[in-house]
C-alpha cells in the first residue's frame, strides 16, 4: 500500500494535464467583462478566469484590461507570476 505522501502533486500540473480548449486573441478579447461577462486574461500561453477576484471587477485591474495577454506586462507589476496560481486555467491561447 502506498503512503499518502506518494500522492504529492503540483496543482498546476494537474490543471495542465486536462484537455484545454484553445482560444484566439480575438476570442480572448471578448472576455473583458463587458462584451461577454467572463473576465479572462492570458499569461505565458495559459488563459485564466480572474472573474472571482475583486481586483478585476468590471474587467479592469489598475491600468490593465481583461481580455488581453499580460505576459509582457508582468515585468512592470508589483507581484510575480505566482499571482496566477490562485486562478483556474480555463484554456490555451493560440
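Quick rundown of the values:
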item: Modelled label reach - residue 83, point 7 Å along Cα→Cβ, the range 36-58 residues with backbone N closer than 20 Å; result: 38-58
item: Translational D in µm²/s for the range 19-93 (Stokes-Einstein at 37 °C, 0.692 mPa s, Kirkwood Rh from C-alpha pairs); result: 271 µm²/s
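Since every read-out is calculated from the coordinates, none of them should be taken as a lab result. The structure displayed is predicted, hence computed values, not measured ones. A quick note on method: Cβ atoms are made from the backbone with ideal geometry, for glycine too, and the neighbour counts reach across all protein chains shown.
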